[in-house]
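Below: the structure, in structure tokens.
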Amino acid sequence: MVDSGKQVYTTLNNGIKMPLLGLGVYDMYNNEAEQAVDWALKMGYRLIDTASMYENEIEIGNAIRQSSVKREDIFLTTKVNNSEQGYDQTLRAFENSLKKLDCEYIDLYLIHWPLKESRKNTWKALEYLYETKQVRAIGVANYLLPFLEELSTYANVVPAVNQIELSPYLFQKSFLEFCKTQGIQLQAYTPLVRGQRFNDTRLLELSKKYYKTPAQIILRWAIQHGISAIPKSVNPIRLQENFQIFDFEISANDMEWMDTFDENLRVVEDPMELL
Ligand SMILES: NC(=O)c1ccc[n+]([C@@H]2O[C@H](COP(=O)([O-])OP(=O)(O)OC[C@H]3O[C@@H](n4cnc5c(N)ncnc54)[C@H](OP(=O)(O)O)[C@@H]3O)[C@@H](O)[C@H]2O)c1
């Protein structure tokens, strides 16, 4: 992990670099997504996380093409939707996403959810896309331990990234350690718990101590654990706020304290239901 004071990058298991902090664009419609990505790129964000399911790939592509930031300096993720899973369907879905994004390549392509009946063939299609150099890295989302164990029985490529719901309130420390030993980069979705714990008095105490907002404390906690985080915002002030986390450090004691905030709190459905 290299901390440049402005952005932190991690090196994925195939040697490519990915910023740890990015912008998630779920639940952005009409012109919101294009505007948010435009602002974010100007502020220094270099990772954008979209998905076929979010129905805003066209707007994301527009914002990236219109930006003065070079395409090679942007890390773009999209995901195969549940309704598009299966070998041939996934190859078609990838083509559709490329067309909508109107760009030459995608940096990271993920399986959005581990659907029992199709996840194996979907992964095989992702491996084909990777081996034929149509995508720079492949990974999974919502793959808790049993899904990763199953995947390892047939995968030729180890996922570069696993995007799961994660926050101080849903920490999964041993899973983080496991993924590190496997060379899989964890990425936290809903890292802000959609604002549901901003009034936690312990978080407010840390906020006061470090002169940072609750959102900044939570995001910094993730980055210091080496976890990628993709908070969503359509508001320029909050976008800026979420990006200003590279000018302070949470002490080791406070990191340990935050680790104890875990209460197994999920705001998105539990992937184990798909086992
Ligand atoms: N792979 C998956 O299955 C999966 C599932 C869920 C999400 N994701 C990804 O993860 C991303 C983030 O998750 P999320 O959008 O569900 O939740 P989140 O990032 O935890 O929270 C977003 C919510 O918090 C608000 N917010 C953002 N910054 C704030 C701040 N500094 N202070 C106060 N409020 C703030 C946003 O409102 P405003 O926009 O008004 O600022 C929005 O309502 C998604 O966009 C998506 O890319 C992936």
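The values are calculated or read from the model by the stated rules, or taken from the named source; none is laboratory data. Given the structure is predicted, the values throughout are model-derived calculations rather than measurements. Every residue, glycine among them, receives a Cβ derived from its backbone with ideal geometry; neighbour counts consider all protein chains shown. To get the accessible areas, we keep the full protein, side chains included, count just its heavy atoms, and leave off ligands, DNA and RNA. Shrake-Rupley method; radii C 1.70, N 1.55, O 1.52, S 1.80 Å.
Please state the shape class of the stretch 210-251: rounded when a/c is under 1.5, otherwise prolate if a/b exceeds b/c and oblate if not, all from the C-alpha gyration tensor.
oblate
Taking H as built 1.01 Å from N, whose amide H comes closer than 5 Å to the amide H of Leu186, not counting residues under 5 places away?
Asn162, Ser228
Suppose we look only past 26 Å in the calculated P(r) of the chain. What percent of the Cα-Cα pairs does that tail hold?
39 percent
Could you work out [θ]222 nm for the chain from helices alone, using -39500 (n - 2.57) per DSSP H run of at least four and dividing by all its residues? Round to the nearest 500 deg cm²/dmol.
Roughly -11500 deg cm²/dmol at 222 nm, from the helical runs in the chain.
Projecting each Cα onto the charge dipole of the chain (Lys/Arg +1, Asp/Glu -1 at the beta carbon, about the Cα centre), which of Val8, Asn235, Ile111 comes out farthest on the positive side?
The listed residue farthest towards the positive side: Val8.
Relative contact order (percent) for the chain, with alpha-carbon contacts under 8 angstrom and 6 or more residues of separation?
That works out to 20 percent.
When a/c reaches 1.5 or more, the comparison of a/b and b/c decides; with that in mind, is the stretch 1-138 rounded, prolate or oblate per its Cα gyration tensor?
Oblate shape, in that a/c is at least 1.5 and b/c is the bigger or equal ratio.
Using a probe of 1.4 angstrom, how much of the accessible area of the chain is carbon and sulfur, in percent?
48 percent
Placing unit charges on C-beta atoms (Lys and Arg positive, Asp and Glu negative, everything else neutral), compute the dipole magnitude of the stretch 59-125 about its Cα centre in debye, rounded to 20.
About 220 debye.
Could you give the angle, 0 to 90 degrees to the nearest 10, between helix 201-210's Cα long axis and the longest principal axis of the Cα atoms of the chain?
Rounded to the nearest ten degrees, it is 80.
What is the packing order of peptides 233-240, 108-115, 263-270, 23-30, taking the mean over residues of other C-beta atoms within 10 Å and listing the highest first?
Going from most to least packed, we get 108-115, 23-30, 233-240, 263-270.
Can you work out ³J(HN,Hα) from phi for every residue in the stretch 163-175, in order, using Karplus 6.51 cos²θ - 1.76 cosθ + 1.60 and θ = phi - 60°, giving whole Hz and x for Gly and Pro?
Couplings: 9, 9, 6, 7, 6, x, 8, 8, 7, 6, 4, 5, 5 Hz.
Taking every DSSP beta bridge that has both residues in the stretch 70-214, what percent is antiparallel when rounded to the nearest 5?
Around 5 percent antiparallel, to the nearest 5.
What distance in nm separates the simple spin-label points at Gln182 and Asn14, each placed 7 Å from Cα in the Cβ direction?
1.7 nm
Under the rule of at least 5 residues apart or a separate chain, name every residue whose amide H is placed under 5 Å from the amide H of Tyr143.
Gln163
Pairing the Cα long axis of helix 87-101 with the longest principal axis of the chain, what angle in degrees results, from 0 to 90 and rounded to the nearest 10?
60 degrees
So for each of 217-230, 33-46, 156-169 I average, over its residues, the number of other beta carbons within 10 Å; can you give me the resulting order with the highest mean first?
Taking the mean over residues of other Cβ atoms within 10 Å, the ranking is 217-230, 156-169, 33-46.
Taking 0.36 nm per residue of sequence separation and subtracting the Cα-Cα distance, how much length would be gained by fully extending the chain between Arg238 and Phe175, in nm to one decimal?
This chain segment gains 19.7 nm when fully extended.
How tilted is helix 57-66 with respect to the longest principal axis of the chain? Cα atoms for both, answer in degrees (0 to 90, nearest 10).
Approximately 70 degrees, to the nearest 10.
Pull up all non-local amide H partners of Leu21: gap of 5 or more, or a different chain, and H-to-H distance under 5 Å with H placed in the peptide plane.
So Leu21 has HN proximity to Val8, Ala229.
Taking the DSSP beta bridges in the stretch 2-264 as the whole, what percent of them are antiparallel, to the nearest 5?
Bridges in the stretch 2-264 are about 20 percent antiparallel.
How large is the charge dipole for the chain, taken about the Cα centre, if only the Cβ atoms of Lys, Arg (+1) and Asp, Glu (-1) carry charge, to the nearest 20 debye?
Around 460 debye, computed over the chain.
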